[in-house]
Structure formats: structure tokens, C-alpha cells
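Student: The structure follows.
The values are calculated or read from the model by the stated rules, or taken from the named source; none is laboratory data. Since the structure is predicted, the reported quantities are computational estimates derived from the model, not experimental observations.
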Amino acid sequence: MKKGLTITIILGILLIFAIGYIIVDEYQEKKQKEQTETYQEGAQYGYEQAMIQIIQQAVTCQQVPLTIENQTINIVAVGCLQQG
């Protein structure tokens, strides 16, 4: 009887550890997903704000310099070119 009781206790403890591991893993996965979503939302917001600023400058008929790595181009609204 003692042997059966000991095995039952050990299996119970292992079951508790397994359930705890699953809960912690699910929690960490959920946290990482939330952080990824927050990062993506921030990147999207930054992109939108950059585009708004470029467009606001371009519609004033001023050249807007855009630089990527070591290359720079100037953009101007087409409507401004047709006015001149």
C-alpha cells in the first residue's frame, strides 16, 4: 500500500508541475504577443505621421528632401509644378 500511495503522490506532484509549466508558458506567449502588437501599432503610427508631415510640406510647394541610406531625393507636389 505504501508503494502505491508514494507513486500517487509523485504523479500528483508531477501533474502540478506540468500544469504550472503550461500556465507559465501560455502567459509568456500571451505577453510576447501583446508586446509584438504594441510594437507593430507604434511602427504603423510612426509611418502614418511621417507620411502626413511629408504631404503637409509638399503641398506648400516646397521641395521635401527624402534620404535613405546615402541617397537623397527631393519631392514636389505635381500641382505645384503645373502652377509654375
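Student: Which of the residues belonging to the range 11-27 are over 35 Å from the mean Cα position of the chain (by Cα) and hydrophobic (A, V, I, L, M, F, W, C)?
Tutor: Listed by number, the residues that qualify are L11, I13, L14, L15.
Student: Out of Q53, Q57, Q82, Q40, I need the residue that is at pLDDT 95 or above and assigned to a helix (DSSP H, G or I). Which one?
Tutor: Going through Q53, Q57, Q82, Q40 in turn, the sole match is Q40.
Condition check ((1) farther than 28 Å from L66 by Cα; (2) of a type outside the set (F, W, Y)) across all residues:
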| position | (1), (2) |
| --- | --- |
| G4 | yes, yes |
| T8 | yes, yes |
| I13 | yes, yes |
| I22 | yes, yes |
| Y27 | yes, no |
| K30 | yes, yes |
| E34 | yes, yes |
| E41 | no, yes |
| Q49 | no, yes |
